[in-house]
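Data first, discussion second: the structure below is written as structure tokens.
Just so it is clear, none of the values below were taken in a lab; they were calculated from the coordinates. These numbers come from a predicted model, not from an experiment. Note that we place each Cβ from the backbone using ideal geometry, even for glycine, and neighbour counts take in every protein chain shown.
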């Protein structure tokens, strides 16, 4: 069985409000007995992408479980690399593969510098195709999770749908014929949501900093009072995936 804790959109800005909400979620993960195979943080870790924000994030993400991070539209590749990955602060696309004992995580950079919307570039899609045919191929015998920040579908939240991941048909074409991929995991929407894409589960991690309600709820476009939340994705030995969402009031 593979168990992944999924958090997203911390938007750490050194302020008390964002800090307290992030601490509530991350301390919850720090204190649970587990085990967890990984903690995925699916972007917008910092709000302004400053070195100080990434220093704060690094301290908060010092957890007893493997932590996987990828950038969101509020992050910047150079400071992200330097602050969270101990790499040179280069601005190149930030795509990585992490192989753990019970799963392979393909972390794709869906950001477009200077834009809140997202897209997987041709270069990233070529890399993803090569990765799914190579080190994350079916020969490993491990389930593969493809992860990025921007959801590639409309979630019926207009505030976010206008800045989702676009040109998604190219991603669907790459995913076809790779049965080892068991799910797509993303963030950005500040909402706990579950749908499908290219015949696969598409699971959206809820926002820690805030929540984006549906229009039918009659609330402001962004709600800063609803409780921060996280998801637990549980994949059993039959590769049946179940997601539990947990709000932390």
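DSSP beta bridges confined to the range 92-249 are antiparallel in about 60 percent of cases. Take the alpha carbon gyration tensor of the range 2-247, find the square roots of its eigenvalues, order them as a ≥ b ≥ c, and report rounded if a/c is under 1.5; if not, report prolate when a/b exceeds b/c, else oblate. Rounded.
Return the single residue from 58, 219, 21 with maximal mean-square fluctuation; model: Gaussian network over the chain, springs between Cα atoms under 10 Å. Looking only at 58, 219, 21, the largest GNM fluctuation is found for 219. Take every pair of alpha-carbon atoms less than 8 Å apart whose residues are at least six positions apart; their mean separation over the length of the chain yields a relative contact order of 20 percent. Taking only the C-alpha atoms of the range 21-87, the Rg (one decimal) and the largest Cα-Cα distance, Dmax (whole number), read 11.8, 35 Å.
Is the range 134-182 rounded, prolate or oblate when judged by the Cα gyration tensor, a ≥ b ≥ c being the square roots of its eigenvalues, rounded requiring a/c under 1.5 and prolate requiring a/b larger than b/c? Judged from the Cα gyration tensor, the range 134-182 comes out prolate (a/c at least 1.5, a/b above b/c).
Label separation (residue 20 vs residue 214): 3.0 nm, computed from points 7 Å beyond Cα along the C-beta direction. Note on the range 182-249: Cα Rg divided by 2.2 N^0.38 Å, N the number of residues, gives 1.21.
Where a ≥ b ≥ c are the square roots of the eigenvalues of the C-alpha gyration tensor, would you call the range 56-137 rounded, which needs a/c under 1.5, or, failing that, prolate if a/b is larger than b/c, or oblate? Taking the square roots of the gyration eigenvalues as a ≥ b ≥ c, the range 56-137 is oblate. P(r) tail, the range 135-221: Cα-Cα pairs separated by more than 23 Å, 28% of all pairs.
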